[in-house]
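Below is one structure, written out as structure tokens; the observations come after it.
The values are calculated or read from the model by the stated rules, or taken from the named source; none is laboratory data. Keep in mind that what you see is a predicted model, and the values were worked out from it rather than measured. Methodologically, a virtual Cβ is constructed for each residue, glycine included, from the backbone with ideal geometry; neighbour enumeration extends over all protein chains shown. Surface accessibility is based on the protein's heavy atoms, side chains included, excluding ligands, DNA and RNA. Shrake-Rupley method; radii C 1.70, N 1.55, O 1.52, S 1.80 Å.
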Amino acid sequence: MLVGKPLAGAVLMFLTCLLALPDVAAAQGGPAPPHIFHGFVTVDGAPPPDDTPVQAFIAGEIKGSGLVKDGHYLLAVGQGDGEAIVFTVGGVPAPETGRWEFGGATVLDLTARAGSRTLLNVMSDLILRGKLDRVFWFDNATKTWRWYFGNPALNDLNTLDSLPTGAPAWVKVTGPVTAFIGGQPYPFTCSGGNCWHLITVP
């Protein structure tokens, strides 16, 4: 079916207006519409109790909060300083992450683990602040390296999901910060491109 010139022009005008929405909102000084996330949620494989808080963080700031209802959550995540979104369920980080979009809508199931030795829990302070770049750990049992990247775009590459007590691990941060690792404060420096730290996991 051929599209006549008047109809083609109308379609082009509609697409142009749609793409210009962010600029219009910015010009008018109003807030950008949120990105909606919803889905099922579990902690250690089971739905958490109703009213368990679910939160979304962008660059260490809370940008969305909601409560679990019948094993389901619904969040409106506001615009932040960046696009990468980290979610927590009852304060426990979930391995699933999101990317903020202007007026977006995404179905995303969250599967948090409350085990105290999971990497997400041990490094939760760094993760929620948006300061964790990557972690490398050598597994003596298998004689192999395992790693975790803080960038959600690299989630599929991650092979490290837990850190045993007393394990030496290389941690790279994105900037200087004093963060709690396994419940203990640790001063991370980052200057002149040297942002790596060899720590012993508490």
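Roughly how much of Lys69 is accessible, in Å² to the nearest 10, using a 1.4 Å probe?
Its heavy atoms expose roughly 100 Å² to the probe.
How far is it, in nm, from the label point at Leu157 to the one at Ala32 when both lie 7 Å from their Cα along the line to the Cβ?
Modelled inter-label distance: 2.5 nm.
For the pair Arg99/Glu61, report the inter-label distance in nm, with labels modelled 7 Å from Cα in the Cβ direction.
That separation, rounded to one decimal, is 2.2 nm.
Using unit Cβ charges (K, R positive; D, E negative) and no other charged atoms, how large, in debye to the nearest 20, is the dipole of segment 50-102 about its Cα centre?
20
Expressed as a rounded percentage, what relative contact order does segment 103-202 have, with Cα pairs under 8 Å and six or more residues apart?
On the way: 170 pairs, mean separation 25.8, N = 100.
Relative contact order of segment 103-202: 26 percent.
Per residue, how big is the convex hull of segment 83-188 when only Cα atoms are used? Give it in Å³.
113
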